[in-house]
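The values are calculated or read from the model by the stated rules, or taken from the named source; none is laboratory data. The shown structure was predicted, so the numbers you read here are calculated from the model rather than taken from an experiment. Positions of Cβ are backbone-derived with ideal geometry, glycine not excepted, and every protein chain shown enters the neighbour counts.
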Amino acid sequence: MLPECRESEYLYPVPKFNLETSDIDDFMSELKGFHDQFSDCFQRSESREHFFQYMVGQFGELERKSIEPIALAVDGGKVRAMQRFVSDAPWDDKKIITKYRSFLVDDLGHPDGVLVFDESGFAKKGDDSIGVGKQYCGTIGKVENCQVGVFVAYTSPYGYALVDKQLYLPEKWFTDAYTERREKCKLPEETKFQTKPQLAAEMLKQISDEGILPFRYVLADSVYWNPEFMQAVDSLSGVTYLLQVPHDTLCWAKQPVVVRKTYRYAGEQRTRRVLSDKAKEPISLGTLAKGIHRYFWYRRKVSEGTKGPIEYEFTRRRVVLAIQGLPEKTHWLLVRRTLGADPKYSFYISDAAASSRLETFVWLSGLRWAIEQCFEETKTELGMDHYEVRKFPGWHHHILTCMLAHFFLWHLKIRLGKKSTSCYALAA
């Protein structure tokens, strides 16, 4: 499902990917030139060759793009050597990702760029792969034995690409019962348990501190509606966020009166903020939305589906969020609901300026598709979910090559001046 963004209502439209194999005169020569930019990120010439061969295999027409099929299909490929390269050989991961982002800025960078945070699951059999466990896997829509990665995508008027990733490790992986598995999977000893919002906050801070990617907006779903992530976003100057939040989040439609109450604790006199006796209790966002008159709902088309245009109704309100029973700062609340007699509601909170228009919020709420397209394209075309590596470095190296391969296709599209059309296909 791809959006049909209209210039009159949105800050900018995001193009669709529409590169065809016939558009490229010498694909392998182009790919070799791209790879040469990373030659100083590997210590040995053999590693450089494996790096090139591995990505060649990702662009091939193999049914399954894991290490063994790739090694057997490419010229000069050796299974054991490629396995060692992906999981055990030294890579300068930091230098690779820094170079990659600088290339990405050249092609996709824009001052109104958007960072989108989301997770993706990878169903797995067995218990030996790093971070595997029974957890919700969005790819199949249920709790299953899987690994889960937290990702960041970048989108702009020129395209979209994944820019960072972290493997989520369930807390049980840090217990004594998993000591041997951690060692076998080469998990760095200094690694500590982090929640998904904490991983996202760490990546956001690193991207911001690095100063390579220009961005103005941050988007995420309700998983990341969390104090650690919110603190990381709030600390960024000139950045606006739009975060999906649960329907049971509490708020006030107007600022409630708060008073100071004196009390004694451990022999000392203290004060605390409490609601005035006349203040109303906060209500849930779900309750608030259902009480909004239909006059205030605006119908908007957000995308073209296989069965025709997909439309929702939107409204917005200024609300005061309730944090631990007390009022926090005032936010914009965007509410989206499906059409029909029994609508389903979605809620988004933003720190945008008070003068922000509804169209801006509608536009931002639809940009999550960019990271979904990244997942779809890297999994279906580049084998991002085909890997069979078990070690921590191997997971990161495989995902990183998929990110680079996906961006390489966008680079070709932009270098060749391929205009966006309704056509949508990845190069085979």
* **Members of region 324-354 that are surrounded by fewer than 18 Cβ atoms within 10 Å (Cβ to Cβ) and over 18 Å from Leu242 (Cα atoms)** => Gln324, Gly325, Leu326, Thr338, Leu339, Gly340, Ala341, Asp342, Pro343, Lys344
* Of the numbered conditions (1) of a type in the set (D, E, K, R); (2) surrounded by fewer than 20 Cβ atoms within 10 Å (Cβ to Cβ); (3) out of contact with any Lys or Arg (no Cβ under 8 Å at 6 or more places or on another chain), Glu144 fails exactly one; give the number of that condition. => (3)
* Which condition number does Phe17 fail, the rest of (1) out of contact with any Lys or Arg (no Cβ under 9 Å at 6 or more places or on another chain); (2) in a loop (DSSP other than H, G, I, E, B) being met? -> (1)
* Structure fact -> (1) more than 22 Å from Glu119 (Cα to Cα); (2) crowded, with 19+ Cβ neighbours inside 10 Å; (3) without any contact (Cβ under 8 Å) to a residue 60 or more places away in the chain all hold for Val319 apart from (3)
* Among the residues of region 111-134, write down those that are surrounded by fewer than 18 Cβ atoms within 10 Å (Cβ to Cβ) and either touching a residue at least 60 places away in the same chain (Cβ under 8 Å) or aliphatic (A, V, I, L, M) (or both). => Pro111, Asp112, Ala123, Asp128
* Asked: What is the residue count in region 41-62 for residues that are among the hydrophobic types (A, V, I, L, M, F, W, C) and in a loop (DSSP other than H, G, I, E, B)?
  -> 2
* **Qualifying positions in region 209-238 - under 19 Å from Lys329 (Cα atoms) and out of contact with any strand residue (DSSP E or B) (no Cβ under 6 Å at 6 or more places or on another chain)** => Asn226, Pro227, Glu228, Phe229, Met230, Gln231, Ala232, Asp234, Ser235, Leu236, Ser237, Gly238
* To do: Among the residues of region 285-310, write down those that are assigned to a strand (DSSP E or B) and exposed (fewer than 14 other Cβ atoms within 10 Å of the Cβ).
  => Tyr298, Arg299, Gly305, Gly308, Pro309
* Please work out if Lys254 is charged (D, E, K, R) and in the same structural domain as Glu388 (by TED's automatic domain parsing). => no
* **Hits in region 283-341 - residues which are more than 22 Å from Asp221 (Cα to Cα) and β-branched (Val, Ile, Thr)** => Ile292, Thr306
* To do: Mind listing whichever residues of region 311-326 are within 15 Å of Ser284 (Cβ to Cβ), not charged (D, E, K, R) and not in a loop (DSSP other than H, G, I, E, B)?
  => Val319, Val320, Leu321, Ala322, Ile323
* To do: Determine which member of the set Glu388, Glu381, Glu372, Glu376 is part of a loop (DSSP other than H, G, I, E, B), surrounded by fewer than 23 Cβ atoms within 10 Å (Cβ to Cβ) and out of contact with any helix residue (DSSP H, G or I) (no Cβ under 6 Å at 6 or more places or on another chain).
  => Glu388
* Structure fact -> Counting only residues in region 257-284 that are of a type outside the set (Gly, Ala, Ser) and not in a strand (DSSP E or B), the one nearest to Leu333 (Cα to Cα) is identified as Pro282
* Give the residue, chosen from Tyr12, Tyr100, that is of a type outside the set (A, V, I, L, M), under 24 Å from the mean Cα position of the chain (by Cα) and at pLDDT below 95. => Tyr12
* Could you list, in sequence order, the residues of region 33-67 that are in contact (Cβ under 8 Å) with a residue 12 or more places away in the chain and among the acidic types (Asp, Glu)? -> Asp40, Glu46, Glu49, Glu61
* Asked: What's the number of the condition Val150 fails, among (1) farther than 30 Å from Tyr241 by Cβ; (2) buried (at least 22 other Cβ atoms within 10 Å of the Cβ); (3) of a type in the set (A, V, I, L, M, F, W, C); (4) in contact with a strand residue (DSSP E or B) (Cβ under 7 Å, 6 or more places away or on another chain)?
  -> (1)
* Would you mind stating whether Ser356 is in contact (Cβ under 8 Å) with a residue 24 or more places away in the chain, out of contact with any Asp or Glu (no Cβ under 6 Å at 6 or more places or on another chain) and either more than 30 Å from Leu275 (Cβ to Cβ) or assigned to a strand (DSSP E or B) (or both)? => no
* Structure fact -> All conditions in (1) in contact (Cβ under 8 Å) with a residue 24 or more places away in the chain; (2) in a loop (DSSP other than H, G, I, E, B) are true of Ile97 except (2)
